[in-house]
Each structure stands twice: as C-alpha cells, then as structure tokens.
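The values are calculated or read from the model by the stated rules, or taken from the named source; none is laboratory data. These figures come from a predicted structure and were not determined experimentally. These accessible areas exclude ligands, DNA and RNA; they are computed on the full protein's heavy atoms, side chains included. Shrake-Rupley method; radii C 1.70, N 1.55, O 1.52, S 1.80 Å.
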Amino acid sequence: MSPELDSLSSLEERIQQTVQVVARLRQERDAAVAQAAEARTEAERLEGEVKTLQAERKQVRTRIERLLGQIDQLSAS
C-alpha cells in the first residue's frame, strides 16, 4: 500500500470513529434531556402533593381546634 492510501485509510478510520463518538454523545444527550424532563414532571407532581397535604393538615388542625374549643366549653359549664 502506498503512503497516500495508508494516510487516507487512517483518516477514514478516524472520521468513522468520530462519527461514532458524536452519535453516542447525541444519544446520551437525548437520554439526559428525557431524564431531566421526567424529573421536572415528578417534581411538579410532588409539589402538588405537598400543597394538597398542607391544605389537608390545615383543615384537620382547624377541626381539632374547634373540637377542643367545644370541649373547653363543656368543661367551663
């Protein structure tokens, strides 16, 4: 093989390796973007759940305070 063909073959191999690396990196990027989107969705769901639980806790606290007030009225009588 002539040196020119050897150089061309080497260049071709390096280009193919580069193409493979770029393709792999794009797949990894796409997977990371998808994972980030899923994480955002889960975070939003959990945030909504926390708000719901906080609202329920506030309602329970109010009901308990009202019941305790009624018990105090019975004790005072």
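For this structure, a couple of remarks:
- Cα centroid separation - region 10-51 against region 58-77, whole Å: 55
- Per residue value of the accessible surface for region 11-77 (all protein chains in place, 1.4 Å probe), Å²: 95
- Ligands, DNA and RNA left out, the 1.4 Å accessible surface of the chain is 56% carbon and sulfur atoms.
- Against the rule of thumb 2.2 N^0.38 Å, how large the Cα Rg of region 1-56 comes out: 2.37
- Kirkwood's formula applied to the C-alpha pairs of region 31-77 gives a hydrodynamic radius of 13.6 angstrom.
- On Cα atoms only, tilt of 3-76 relative to the major axis of the chain in degrees: 0
- Fully extending the segment from Glu44 to Lys58, taken as 0.36 nm per residue of separation minus the present Cα-Cα distance, adds 2.9 nm.
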